[in-house]
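First comes the structure, then the notes that go with it.
The values are calculated or read from the model by the stated rules, or taken from the named source; none is laboratory data. Computed from a predicted structure; not experimentally measured. With ideal geometry, Cβ positions are generated from the backbone for all residues, glycine too; neighbour counts draw on all protein chains shown. With ligands, DNA and RNA removed, areas are computed over all heavy atoms of the protein, side chains included. Shrake-Rupley method; radii C 1.70, N 1.55, O 1.52, S 1.80 Å.
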Amino acid sequence: MAESWSFLDTAECNFRPLVVIELAKGTKEETIAWFTKRIVDKKGDGGAQLLIKPLVTENGHENIYLVGASHLRLLLGAETVGLVKECNDNSMRTFTYSSRKTFKDFADDNHNFLTMAECQYIIKHELENLRAKNEKMIPGYPQAKLYPGKSIVRRLLTSGILIQIFPLHDREELKKLRHSWYGRVKIGYQPLDDIRCYFGETIALYFGFLEYFTFALIPMAVIGIPYYVFAWEDYDKYVMFATFNLLWSTVILEVWKRICAILTYRWGTLLMKRQFEEPRPGFHGVLGINPVTGREEPVYSSLKRQLRIYLVSLPFVCLCLYFSLYVMMIYFDLEQWALDYHKENESDFSSLMLYVPSIIYAVVIEVMNRIYRYAAEFLTSWENHRLESSYQNHLILKVLVFNFLNCFASLFYIAFVLFDMKLLRQSLATLLITSQILNQFAESLLPYWLQKRHNKRMKKRVCSQKTDADLSLVEQVNMEKEMGTYLDTFDDYLELFLQFGYVSLFSCVYPLAAVFAVLNNITEIYSDALKMCRVYKRPFAEPTANIGVWQLAFETMSVISVVTNCMLIGMSPQVDALFPDSKIDLVLTVALVEHLLLAVKFIMAFVIPDKPRDIQMKLAKLEFESLEALKQQQMTLAAESLEE
């Protein structure tokens, strides 16, 4: 591997732009010259050994640069990042340049062996691993300090010199993907493999989960429709529906683990080794030595971080939760006012007014969720977490706790304090439908409309310029750099998590919840696809083997749903009639049933394997072969040492 870099030439006659780098206007020439030199320098000299050229327009290059790489450089980079590809014997193995001939569809002249998303991921990895050598500062910016081993790109970003780095769209491939994905209304599966090739595994896995969850909701919806038609006011019947709900919420999550393993094995990410995690860009502290790597990097006291979490963040979250409950009580005052108004007037208008408080409250919930999200991001960033994974875990915990209370507290209050099933049904329906409409508008329709207007203005401005450069490329880069940035799948999973809560916690009193969830998710697939292809910049591919902490979040929600549905069953007149003399016996019986169901749930989770048998065997075989290869290598080294 080390020898391969020496003969790698950075010159490439057919330059293919893959990634765009935008520097701030007015960036000093010495800074640009130093940064571009580090990008093209050989690996042995501490460079990235990539190709770079400015985007030339009528006004000059405007500090926008296009980055690419030679085919050989990308193949060596694929080995560096540990990409897993399919071999000729149909097994999945980590790609190595020395054994490249053993991989399916590989040929020296086949530049499509690596997908464009994989190429862009490799370039991103190489840019992020550009590290300072002996520089004490960024040339031209004495205040932007450097130290040996510091990521240059991260320092440029935090200093405001580097505006953004983003991968370019492939117009022809995107056009094909749009046509097969959402270009025509059809009943069928999404092209997940094509989505993965274009956007990477993280995005494809989200759409795979969205599709799976939509199909998993269909049995609940099918059962819910006749239940709604024939047993609308007969609350005794919801015992059967709640029982089915309990089994359903457990089985679908366990089956998803198996489907996820099948997908990620086929894509190669199930076998990828986790890379050593570098400090996140926003992390700061006193310069010290990392005891693991031995490199100089900022060090921050964990005690200070814990004090910030428990003395500032935790009280703030509790205050927000209290405010959410206060708003909830205002909502109940409005409900009482609407009910009194209806009793006095008994008109069609007064009947409609009964739904107004719930609609207003649903809008307020969405607004509060979004405002709190910004506050949670600021607080989590201020806590100064060293690793991105730690930052994400703390952010997700804050957001999930608030969103859960904000969205479901009123439903729990109505069900278990007011014991008003009619109001519970009305509130659940209104909250679910209103939140779905607002999310569709805010996340897809509004951004698409704004982006379409901006694209029209940009096309007029670009086409009016006369330039010798490729007009289509100039137009594409200028349009894409102004697009919004798709940060991650956080909000998309959060929306599904809350929807899962509405369906699993209380749907037995409103069986059409699953029906509306299915309808919403069908439109969500198309609107999210439109959003990814037309509204946002292309995100960098991120390999992943599962949906991460969201799997735990969904499983926690399913446990809560067991408790909730058992309590709803215990409150039903049918069960209550079995214990006419002693309510204590009723409570104890419900608690016993709840514990038994939880035991069944955990037994099912244990019995159903996370990975199918054939994948388990393939993974075991690869592990055995790796151990045998290691033994052989050790024996060879031992034999060589004896000969010496």
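Brief remarks on what is shown
- Under the criterion of Cα pairs below 8 Å and six or more residues apart, the relative contact order for the chain equals 18 percent.
- Looking at the range 143-229, the chymotrypsin sites (Phe, Trp or Tyr not before Pro) that sit in a DSSP loop and have at most 10 other Cβ atoms within 10 Å of their own Cβ are 189.
- Judged by the ratio a/c of the largest to the smallest principal axis of the C-alpha gyration tensor, the range 404-447 counts as oblate, that ratio being 1.5 or greater while a/b is no larger than b/c.
- Computed from the C-beta positions of residue 322 and residue 382, the FRET efficiency with R₀ = 25 Å rounds to 0.75.
- Between helix 171-181 and the chain: long-axis angle, C-alpha atoms, 0 to 90°, nearest 10: 20
- Ranked packing of 606-616, 120-130, most packed first, by mean Cβ within 10 Å: 120-130, 606-616
- Nearest-0.05 FRET efficiency for residue 301 and residue 175, computed from C-beta distance (R0 60 Å): 0.70
- Sequence-distant contacts, meaning Cα pairs under 8 Å at least 6 residues apart, place the relative contact order of the range 270-413 at 31 percent.
- Here the peptides 242-249, 306-313 are ranked by packing, the mean other Cβ count within 10 Å, and the order with the highest first is 242-249, 306-313.
- For the range 492-557, a/c is not less than 1.5, where a ≥ b ≥ c are the root eigenvalues of the C-alpha gyration tensor, and a/b does not top b/c. That puts it in the oblate class.
- Where Rh is the Kirkwood radius over Cα pairs, Rg/Rh for the range 19-168: 1.04
- Expressed to the nearest 5 percent, the antiparallel share of DSSP beta bridges inside the chain is 95 percent.
- Of the trypsin sites (Lys or Arg not before Pro) found in the range 520-554, not one falls in a DSSP loop while having at most 11 other beta-carbon atoms within 10 Å.
- Note on the chain: Rg/Rh from C-alpha atoms, Kirkwood Rh, equals 1.01.
- Helix 613-643 vs. the chain, principal-axis angle (Cα, 0 to 90°, nearest 10): 30
- Taking GluC sites (Glu not before Pro) across the range 280-381, the ones in a DSSP loop with at most 16 further Cβ atoms lying within 10 angstrom of their Cβ are 346.
- Computed as a quarter of the hull surface, the mean projected area of the alpha carbon convex hull for the range 467-596 stands at 11.5 nm².
- Exceeding the 30 Å Cα-Cα cut-off - candidates 42/304; 150/175; 343/398; 124/176; 43/104: 42/304; 150/175; 343/398
- Alpha-carbon centroid distance for the pair the range 69-103 / the range 111-170, whole angstrom: 24
- Ranked packing of 584-593, 563-572, most packed first, by mean Cβ within 10 Å: 563-572, 584-593
- Think of a 1.4 Å ball rolled over the protein heavy atoms: the chain then has 50 Å² of accessible area per residue.
- Accessible surface of the range 19-168, 1.4 Å probe, proportion on carbon and sulfur as whole %: 51
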